[in-house]
Every structure is written in C-alpha cells, then in structure tokens.
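S.K.: I'd like to ask some things about the structure below.
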Amino acid sequence: MAAVTCTFTGDNETDLSAYSVGGECTFTKNSASSGAMVLDNANRGRSDSANLSWYSIAEIDATDRGYIQASFTIVSNVNWIGLLAAASTSAHTGYALRYATGAWRLYRVAAGSPSEIGFYTQALSAGSTYTVKLERRGQELLVWIDGTLRIITLCHTLTTGRFGIEGIGDYSTNLAGWRIDSLTADTLATDGVGTNITIISPQRGQVIPKATGGRADIVITGTYTGTPTAIEARWKGGAWTTIVASPSGGTFTGTLSNQLKGQGTLEVRHTDNTANSASQEYVGIGLVLACCGQSNMVGQTASGAGLFQSGMSANYIAGVFGNDNLWHLGGDAYDNNYNQVDAVSSDAAGGASFVTPMVAAMMEALECPIALIPCAKGATVISSWLPGADHLDRTTLYGSANYRIGLAGGAHLVLWYQGETDATGGTTQANYNSRLDSVANGFAGDRSIKTMAGLLHNFSAASDAAIDVIRDAVEEAVADNANVVLGPDLWAFADDGDTFHWSTRAKLTDVGEEWADTLLDYLPPDIAAPTVTTTAATVVSPFRINCGGNVTADGGATVTERGICWNTTGTPTTGDDTIEAFEAGAGEYAANMFYLLPNTTYYIRAYAINSVGTSYGSQVVATTDDTGGFGYHGSVAGVTGSFGFHGSNN
C-alpha cells in the first residue's frame, strides 16, 4: 500500500481518535490509555494530559517491516515526544521512542513499564523542528534523526504490532511542550526487491570477508522478469559493469571482481532498460569475527539506561549474521534468539555486550565494516565445546558455530571468551589446555582460522586461585599451539556486582576497547600490489618515444620502483626492456624510451613494485617514424636492452 500521512488539519481540540481528513491516516486510541492527544489551534498534534496515551495508525496493518516518521517542533518542555512500533492496541506493550532527559531513548514497554534498549544524546532547542523516524525490519529497530541513522537495536522479544504515536504531559496551552507538525507511515518492501529484478544475495548488512590487500569478489545472485539483453551492477556508486552478458531462465549469478574493502549500496539493472533496477543497502567487504564462549560474550544485561550501544562508527555500520541465519545491521543485543535456528546456543537473556563497542572502536582504523557471527552460550563449560565426530553436527556448540561460519561466507578469526564456569567448577589446567587446543584445532582444520582467547577477568564467584588455573591454561595453549593466539588480559575489569558479569556501559565499553586494541595489534595490515596507469605515448623521433605512468595507489606499502617496460610483441613485463623512473613512490612520473628502431611498433606498459608484487598499467601502442637514423635495439654481451641508454628522463 502507499504511505499514509497526517498533516493535522481539522477542528481544534479534536481528539486524534476522531481525526478524519480525506486521504490521510486515522488513529485508533489504545484501550488502555487514559491520556489524550488533540489538535491545537495551529493544526498540530499535542498531548493534553499528564497520563500516557497511545494511538496507532489504522491504515498500517500489524507488520514486522515498516516505519513511522514525524516532524516535531519544540515549544518549551521537550520530554516525552513519542513514536511507537510493534505496539499493542489494547495494552501499553510494544516499543516506544521517547525524548527524555537530554536523549532520544528507545524503550521496550511491557504493560506500561519501560526498559531502555537504545539511546542517542542530543540537546533540543525551543523553536526548532526535528524529523524523527522509527523503523522496524524484523528484529532490527532503527532510529533516524534528521536523516541520519543514530540507533540500531536488535531485539529477541519483538512481536507483530502497529506503528503509532504516544503522548504524555499536560500541554493544554500552545505555550508549552512539543507539537507534531506532520506524520508519515508505511510498510517496507522486502530487501533487495526492485522493478523487474531482485537481489537475493548478498543480503542487506552482509559483510563479505576481505582477502589479500583488503579485496574480495562480490558474487551477486537474483531473479528477474522480462528479457534483458544483459545485467549490470555497481557497488558504492562505482562504474556500471556487465555481470551477466546473456541472461536466461529468470535467475542470474554474476560477479563484481576484486573490489576494495568498504561499505555501500549494491545496485543491479537491466542494461537495455535501466529503469528495471534493484538495490541492496549496507553491503560490505571487511573483517568477519566468530564470537564463541559463554555469558559475557553473549551479553547478559537485557536493558538499562544508556547501556545498549549501536555498532556504528563515523563511516561504517557493523553487520551481524544473526541466530536466524540472516544478515542484520549490528547493535545490542547482537546475540539474541529472535527466530533462532540452532537451539543449542539459544540464550533468552541476550543483552548488552562488550562486542558492540569493540567493533565501533575498530572500524575506522581498519577502514571497513566488521561482521559478527554470534555463537556463544551462557553457563557452558569448555568440555561442551569439544568437536564431535561430525564437525557440522548442529546439535553441538562446535558444530553449530562451524556450520554458521561457513554459511556466513567464512571468518577471519574466532574470538574466545570462556572459562568462568570452568573456574567455579574446578576444571584442571591440563584439561582446559587440551580442550582449548581441540576447539582451536577444529576451527583451524575446518575453516583455516585461528582462535584468539582472552584471559579471564576478576569475578567474585570464583577464587583468584581458581581463575588463575584457567588463565594459566590459556597462556599454555598459546605457547604450545600455533592455532591459539593471545587475546586481551581482562583481570583488571572486575564484575559489576552479580559475581560474574559486566553490566555497566563504562565497563562494557572499556572491555570492548581492550579487545579492539589487542585485535588491531594482531591483525596484519591490508597490503596489496600497487595500482598504476600508463600515460599516453608520444613519438618524438624515429628513435625516441616519451611515456610514463601514474601510481594512483601504493597498496598500503611503499612503492620501491616504478617505470615503463616495452617490447615489440605485446603485453610487456619487467623481463623485457625497462626504463626506471628517477624517483619511487606514488604519483605521476616520466620514463622515456631512447635509441629505438625506426618504423617499429612498440607495446608499452607502466609498472610499479612494492613488497607484495608488481603491477602493470594498461598497454599503449606507438610506432616510430620511418626516417632512418642511428639506433640499436638488441643484445650486447648477453644483455638484452636498448643499447646506448638505460635510465630515465623527467
């Protein structure tokens, strides 16, 4: 259906449940609401009671994919502006976005009792107008403020409900409170669905594991209708590239090859009718981490003021391969059991974790998004993680984790934080060491990845001596097994009072940043061969051609040599004749060819070398004039090259 709107025109002081303007939305008042919202004399909605009032939009059916957006003008007191998602019509149960005490706060509301699950601090100014959007996509709840995504929350208790607005606060005059100027609501189409073409994979929020040099192929699958002559694609606004030259059968698979890490929108279209197009947002190439262990890796605090964090940095948004085996944008609670497929790792109490601030602290440094594969399970001992005879047995913790890593497209590293229950249960150092070796060796053999194991924190449920047994076992495994690498030492970060867990924003952030620092020190830089282009060749005489190149990217490593190479047969390499430029490094350079043969066609390419390898620019062709003269090109004393000069001319 089309979006519905409300401009709040009509009789003054009319309760919103009686609002009726042709072509606009109508409101259903929640039967549990004792407050009211009305129209003021400027035709804007306002709260008219100190009691809570909820109104759902009748035209938008109960759905798990939709949004509501409103423009608010602040008059004075700005508390308790409210938008609703997944809201009941008979009880104050659902999700509410409110502005309160200096921040936008997202709440899970049960029978009127709110629990905070997301926030964004912002000072609002009287007289100013703000556009706020609350969006639901399955387990994702997203909050946009003036067009910028500010809150990402993943929830495991979402039910299907309606979108709407709420009011609280007695703003019975036009000189107090806030006003709703306009409102829009709509359902959302399935991700990737466009006009006569659909992207099935990659999914929205998916992060493809980067390979050498921070690059990877983006393999695109989908469906189409009609008879396109070809299908083309682009990513992050790049050049359109044909990925299927002759589509047939209504399905397609194509590849954007060798794309550099980053995140952006993936687009596909019919080549002969570009209006037939589709897009997929937040597709990334980056770092993928599998998160294994027990409750502190899951995140145990289900709500709290300022506690839930979003997996965002200035330029990137984390991805989560959820327990529903689908991709999502990342935030707390990243490890929840919404539509969970493999029951073995289900945790009903999934909440705020150190993992979300960890990825937020890393993405700008890595210049790419990070994806998380949650696999942890609370209260587990290490023996329950041992690989069985079938390493893909999804009724076991290891088998489920191994399977999900493969389903997500692979991972770069397993993050392991586990052992609290082993410390309280008396697992010996030798047993823990051998079992950690077995787990790490399993992931190394099955997925070719190492396991980074953190050293346990100081928690009051176990004695220092018992905790040290597990810490020593981890250090022993690091020393005797190349598949285990040392994670952060978290001894200084004691539990927050429940004898096991971290449950404050400050502590979760500190622990996350400790992990981030360790990971950034461990991960190798993304180094690739340089990128070089060949400049146009100019024939100066029968014996000389001027040429050069431009190193447009050094690949993350110093370019130690650059120049041009040529031959008379095509596709020259540095094994043929070469001229090295005077200076190395990035940028433009000249490297001219002397003592050539008249009336001869030369094939020329620029080249650049760094520690990874040698790259070449495109081939250019030039033919010297037929005017005769001295010049020799051949072999002298077993040395092949241009006799008389070898060097550069700038």
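S.K.: Within region 106-115, count every residue that is touching a residue at least 24 places away in the same chain (Cβ under 8 Å) and closer than 23 Å to Thr131 by Cα. Break it down stepwise before answering.
M.R.: Taking region 106-115 first, the residues touching a residue at least 24 places away in the same chain (Cβ under 8 Å) are 106, 108, 112, 115.
Filter once more, keeping what is closer than 23 Å to Thr131 by Cα: 106, 108.
Count: 2.
S.K.: When you go through Ala361, Ala371 one by one, which is the residue that is small (Gly, Ala, Ser) and part of a strand (DSSP E or B)? Explain how you work it out, then say what you get.
M.R.: Values: Ala361 fails: part of a strand (DSSP E or B).
Going through Ala361, Ala371 in turn, just one is small (Gly, Ala, Ser) and part of a strand (DSSP E or B): Ala371.
S.K.: Also, I was wondering about something else. Quick one: which of Ala462, Ala444 is touching a residue at least 12 places away in the same chain (Cβ under 8 Å) and either farther than 25 Å from His412 by Cβ or open to solvent by 60 Å² or more (accessible area, probe 1.4 Å) (or both)?
M.R.: Ala462
S.K.: Can His646 be described as more than 26 Å from Ala529 (Cβ to Cβ), modelled with pLDDT under 95 and open to solvent by 40 Å² or more (accessible area, probe 1.4 Å)?
M.R.: no
S.K.: Within region 323-344, take every residue that is more than 12 Å from the chain's Cα centre (by Cα) and of a type in the set (Phe, Trp, Tyr) and give me the one that is most open to solvent (accessible area, probe 1.4 Å).
M.R.: Tyr338
S.K.: Which residues, counting only those in region 381-398, are touching a helix residue (DSSP H, G or I) at 6+ places or on another chain (Cβ under 8 Å) and surrounded by fewer than 21 Cβ atoms within 10 Å (Cβ to Cβ)?
M.R.: Val381, Ser383, Ser384, Leu386, Gly388, Asp390, His391, Leu392, Asp393, Arg394, Thr395, listed by residue number.
S.K.: Tell me, please, whether a residue that is assigned to a strand (DSSP E or B), basic (Lys, Arg) and in contact with a Lys or Arg (Cβ under 7 Å, 6 or more places away or on another chain) can be found in region 106-122.
M.R.: Among the residues of region 106-122, not one is assigned to a strand (DSSP E or B), basic (Lys, Arg) and in contact with a Lys or Arg (Cβ under 7 Å, 6 or more places away or on another chain), which makes the answer no.
S.K.: Which one is nearest to the chain's Cα centre (by Cα) among residues in region 312-322 that are within 19 Å of Phe354 (Cβ to Cβ) and open to solvent by 10 Å² or more (accessible area, probe 1.4 Å)?
M.R.: Residues of region 312-322 that are within 19 Å of Phe354 (Cβ to Cβ), as a first pass: 312-313, 316-322.
Then drop every residue that is not open to solvent by 10 Å² or more (accessible area, probe 1.4 Å), which leaves 312-313, 316-317.
Values: Met312: 8, Ser313: 10, Tyr316: 6, Ile317: 4 Å.
That would be Ile317.
S.K.: If you don't mind, another one. Out of (1) free of Cβ contacts under 8 Å to residues at least 12 places away in the same chain; (2) closer than 29 Å to Tyr19 by Cα, what's the single condition that is false for Arg136?
M.R.: The single condition Arg136 does not satisfy is (1).
S.K.: Only one residue in Thr159, Thr89 is closer than 19 Å to Asp332 by Cα, open to solvent by 30 Å² or more (accessible area, probe 1.4 Å) and in a loop (DSSP other than H, G, I, E, B). Which one? Outline the logic, then answer.
M.R.: Working: Thr89 fails: closer than 19 Å to Asp332 by Cα.
Only one candidate passes the filter, namely Thr159.
S.K.: Six or more apart or on different chains, Cβ atoms under 9 Å: show the pairs whose first residue is in region 339-355 and over 15 Å from Thr301 (Cα atoms) and whose second is among the β-branched types (Val, Ile, Thr) and part of a helix (DSSP H, G or I).
M.R.: The qualifying pairs are Ser345/Val298.
S.K.: Still on this structure: So which residues in region 175-202 are in a loop (DSSP other than H, G, I, E, B) and buried (at least 19 other Cβ atoms within 10 Å of the Cβ)?
M.R.: Applying the first criterion (in a loop (DSSP other than H, G, I, E, B)) to region 175-202 yields 175-177, 188-192, 194-196, 202.
Correct list: Gly177, Asp191, Gly192, Gly194, Pro202.
S.K.: Still on this structure: Identify, from the list Asp554, Asp526, the residue that is in contact (Cβ under 8 Å) with a residue 40 or more places away in the chain, over 15 Å from Ala622 (Cα atoms) and in contact with a helix residue (DSSP H, G or I) (Cβ under 9 Å, 6 or more places away or on another chain). Outline the logic, then answer.
M.R.: Details: Asp554 fails: in contact with a helix residue (DSSP H, G or I) (Cβ under 9 Å, 6 or more places away or on another chain).
Going through Asp554, Asp526 in turn, the sole match is Asp526.
S.K.: What are the residues in region 345-359 that are among the small types (Gly, Ala, Ser) and open to solvent by less than 30 Å² (accessible area, probe 1.4 Å), if any?
M.R.: Hits for region 345-359 are Ser345, Gly350, Gly351, Ala352, Ser353.
The values are calculated or read from the model by the stated rules, or taken from the named source; none is laboratory data. Keep in mind the model is a prediction, meaning the values are calculated, not measured. Counting neighbours? That spans all protein chains shown, and the Cβs are built from the backbone with ideal geometry, glycine included. Quick note on the areas: whole protein, heavy atoms, side chains included, nothing else; ligands and nucleic acids left out. Shrake-Rupley method; radii C 1.70, N 1.55, O 1.52, S 1.80 Å.
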